[in-house]
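Readers should treat all values here as calculations from the given coordinates under stated rules, not as data from a laboratory. This is a predicted model, so every value here is computed, not measured. Every residue, glycine as well, gets a Cβ built from its backbone with ideal geometry; the counts of neighbours run over all protein chains shown.
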Amino acid sequence: MGATGGLTLVFGLPLAVALFFFALSAYERRMGLATGPGFFQRNGLAVGLYLVLAVGFWVFFVIVLPQFSMVDMSFRPKLPPSQMGGPKDVFTLENYRYFLFGSTTSTASWNWIHLKAFALTIGVSIAITLFNFALCYPIAFHMAQSAGAARLRILLLLMIIPYWVNEILRAFAFRVLLSSGGIINKLLLGAGLVAEPIDFLGADIGLYMGLSYAYLLMMVFPLYSAIESLDRNQIEAARDLGAPWWHIHLFVVMPHAKPGIASGCTLVFMLCAGALAAPLVLAGPRTLWFTPIVYDRFYQAFNWPQGAAYAFILLVTCIVFVLMVLKMFRLSLGEITR
Amino acid sequence: MAAAVELDGVNVTFGDFIAVRDANLTIEAGEFFSFLGPSGCGKTTLLRTISGFIEPTRGTVRIGGADMSGIGPNRRPTALIFQNLALFPMMTVAENIGYGLRVRGVPRHERDEKVKNLLIQVALAEHGHKKVSELSGGQKQRVAIARALAVEPKVLLLDEPLSALDLKLRQHMRAELRAIQKRVGITFIYITHDQGEALTMSDRIAVMNAGVIEQVGNGRSVYAEPRTPFVASFVGENNQIRGRVTAVENGLATLDTPLGALVGRNPVGLSAGEEALLFVRPEALSLVPTGTPNGSTVGFDGEAVDVAYEGSVTHVTLRVRTGQKITATLGGGVLPASGETLHIGFRPQDGLLLARPASR
């Protein structure tokens, strides 16, 4: 692609998109499909055009294009730069084949190491999501329904301030805390509860703690806002009708908070499965998490197509899983954004 | 048979604020009992104390003779209908009504049967499968009633449930509530700031003001025989004239007021020299042109400043010598014109003298 060709693309494409929307709105107007003042009538032609161009530019260059190029790359073989675009640069499934079978050509044996890491990542992410929900639901409920304004402020500060510390520093802090000579082991030894230090990091407890903690807020806030919108009279009505507390939570509060629960769980699950810092720093020596493998494809193996394929597999799996769970709970994707 | 609800020296305080002060009351089984008072008078607090959401700071609540202290709202034989009804929006109408039964572990077929009967009782037989949001205001009201009745409470507590409805529906629901109460025969305790509601529905009314139950009685006695200035001015319209008692005789007393000497009944036994308030209902006032002989009435002159014709009645607002406004309600006859000066008269037995509270 020449310089002029590139320039044409950069400016021509957004313009084409803008023209398309303009034509679409004109068409809808003529056919009587649209009601009320049109987008351009409401914003004026200049501002309207700017909005379409700016949003179009953003969506296309920042979201669609990079993702699309990664997907495209994942279907190409690894080639030295000189051969890119050459006759050997053809679409292939070899990167995906490698994930499954550990080889770009043979399908004789499964790539157990990567498959296990993948399964572990998904499985542990689910477990951490559930754990986080169990942990955050009472906190969110307290904040939303029973805490006074002063208590609420303190709770929010207590939860938000630790997040000012960056993620890697926090992960290392957990490492220090949980190491064999760390304060927790010292306390346990000092209290005579254990005879020798517990290997928290080797048992991956550090990883689980780090991951759970990292996404606590992602769970608390959607739950909080969902529960907060529940009319307290409904809780009292249920109680007045004789319901014990667990029944009220299960059949009155949770059904109401379902969109918030789904949105919190989706966030935590997605972020957990895609986390990099915590697994790199906190995972035990025998644990292989999936994201470091993806990272290694890019920076250790210098195999970008394979890395792209791995990342894409993780993304698609997570999306499919989340959609399945939403379907199970009879929620539409739109509802969780409420 | 034990009284449905007994309040024995009940006090409820929130910090320094006394929400309910020394409530002593016995509500009989099967009674339709109303608490009437302006917002903030403590009536809702009292209702929540009876239902168990608030523990009294002092005193005891007994329901059916049993002391309720330490017993939560989920274990009291009461059911509460909330001001906003608090129906469960994610459940169907039938599920809403059956919720209390489900909580109690009533088997499904039995529950369904009962819910079906209740749906018929509140004329919603066709609507059991619907979402609550699909119902009209009056229908929601009936679902709330059915949901509360499903748990077969000894006492049904209603916290201004009609306040969100429009006038026509409200009047219709008054009659309906009364009919339901007659049919099921349980005690209804009704909270309202609307004296019309209280007077039309209740067997007895407790008028509350600033945390204190000022008077308990049937609608007639509360309206016609108020015992405190608050009850006199809160229940129905009333004109109020200040003065000092000068003479007492035969149950009547003469009051020296800025408008001249006026005579009224003296039920609380005021003696000469006491500060007092004279209350006269607008409908007890008669208006005649000044100078016309007016029989056995006492009165004073005033200028008509506003004549509001309402069809069956006409409200006339008059300004008297002191600048005070007096309202008279006329049933018919010759209507005065605005600006006309009239003699405002009433029979002494329609005037009511009550002690003036020290604080005012």
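Quick notes
- Centre separation in Å (Cα based) which lies between segment A:152-168 and segment B:28-65: 44 Å
- Residues whose placed amide H lies under 5 Å from that of residue B:209, excluding near-sequence neighbours: B:214
- Largest GNM mean-square fluctuation among A:222, A:138, A:285, using chain A with Cα springs under 10 Å: A:285.
- The dipole here belongs to chain B: it is taken about the Cα centre, uses +1 on the Cβ of Lys and Arg and -1 on the Cβ of Asp and Glu, and is about 980 debye.
- Cβ-based charge dipole, the protein assembly as shown, positive-most Cα from A:54, A:121, B:145: A:121
- Between amide H atoms placed 1.01 Å from N, distances below 5 Å from residue B:344 occur with B:300, B:301, B:302, all of them 5 or more places distant or on a separate chain.
- Cα-Cα separations in chain B greater than 29 Å, expressed as whole percent: 51 percent
- Gap separating the Cα centres of segment A:64-124 and segment B:335-350, nearest whole Å: 100 Å
- D_trans [Stokes-Einstein, Kirkwood Rh over alpha-carbon pairs] for segment B:171-227, 25 °C, 0.890 mPa s, µm² s⁻¹: 202 µm²/s
- Amide H to amide H distances under 5 Å link residue B:19 with B:12, B:13, B:14, where only residues 5 or more positions off or on other chains count and H is placed in the peptide plane.
- Of A:292, A:265, A:172, farthest towards positive along the dipole that unit charges on Lys, Arg, Asp, Glu beta carbons give the protein assembly as shown: A:292
- Enclosing the Cα atoms of segment A:1-141 in their convex hull gives a volume equal to 253 cubic angstrom per residue.
- Using θ = phi - 60° in the Karplus curve 6.51 cos²θ - 1.76 cosθ + 1.60, the 3J(HN,Hα) couplings for segment A:316-323 round to 5, 4, 4, 5, 4, 4, 4, 4 Hz; x is entered for Gly and Pro.
- Net charge contributed by nearby residues that have their C-beta within less than 10 Å of residue A:103 (K/R +1, D/E -1): 0
- Highest-MSF residue in chain A out of A:311, A:243, A:275 [GNM, Cα springs under 10 Å]: A:243
- Backbone phi angles across segment B:237-246, fed through the Karplus curve with coefficients 6.51, -1.76 and 1.60 (θ = phi - 60°), yield HN-Hα couplings of 7, 8, 9, 10, 10, 8, x, 10, 6, 10 Hz in residue order; Gly and Pro are listed as x.
- Here A:270, A:254, B:68 are placed in order of increasing Cβ neighbour count within 10 Å, fewest first, which gives A:254, A:270, B:68.
- Acute angle (nearest 10 degrees) that the helix B:93-103 long axis makes with the longest principal axis of chain B, alpha-carbon atoms: 70 degrees
- Here the contact order of chain A, divided by its residue count and restricted to Cα pairs under 8 Å and six or more residues apart, works out to 20 percent.
- Shape category assigned to segment A:112-337 from the gyration tensor of Cα positions, a/c cut at 1.5: oblate
- Counting every other Cβ atom within 10 Å of each residue's Cβ, A:59, A:294 order from fewest to most as A:59, A:294.
- Computed [θ] at 222 nm, deg cm²/dmol, chain B (DSSP H ≥ 4; -39,500 (n - 2.57); rounded to nearest 500): -7000 deg cm²/dmol
- Segment B:237-355, relative contact order in percent, only Cα pairs under 8 angstrom and at least six apart counted: 32 percent
- With the charge dipole of the protein assembly as shown set up from +1 on Lys and Arg Cβ and -1 on Asp and Glu Cβ about the Cα centre, the Cα lying farthest toward the positive end among the listed residues B:184, B:210, B:332 is that of B:184.
- Cα long-axis angle, helix B:167-184 against chain B (0 to 90 degrees, to the nearest 10): 60 degrees
- Tensor-based shape of the protein assembly as shown (alpha-carbon gyration tensor, a/c under 1.5 rounded, otherwise prolate or oblate): prolate
- Simple Cβ-charge dipole of segment A:112-337, Lys/Arg +1 and Asp/Glu -1, about Cα centre, in debye nearest 20: 100 debye
- Debye, to nearest 20: dipole size of the protein assembly as shown, +1 on Lys, Arg Cβ, -1 on Asp, Glu Cβ: 1560 debye
- Long pairs among B:140/B:182; B:140/B:168; B:154/B:182, criterion Cα-Cα beyond 18 Å: B:140/B:182
- Alpha-carbon Rg/Rh ratio, for segment B:1-149, with Rh computed the Kirkwood way: 1.02
- Where Rh is the Kirkwood radius over Cα pairs, Rg/Rh for segment B:237-355: 0.98
- Between segment B:142-189 and segment A:194-271, the Cα center-to-center distance that results, in Å: 38 Å
- Only Cα pairs under 8 Å and 6+ residues apart enter the sum, and on that basis the relative contact order of chain B stands at 15 percent.
- Expected 222 nm ellipticity per residue - DSSP helices of 4 or more, -39500 (n - 2.57), all of chain A, to 500: -21000 deg cm²/dmol
- When chain A is treated as a GNM with alpha-carbon contacts under 10 Å, the residue of A:224, A:27, A:208 showing the greatest mean-square fluctuation is A:27.
- Calculated from backbone phi, Karplus (6.51, -1.76, 1.60) coupling profile of segment B:249-255 in Hz, x at Gly/Pro: 7, 6, x, 10, 9, 9, 10
- Take every DSSP beta bridge whose two residues both sit in segment B:5-230; close to 55 percent of them are antiparallel.
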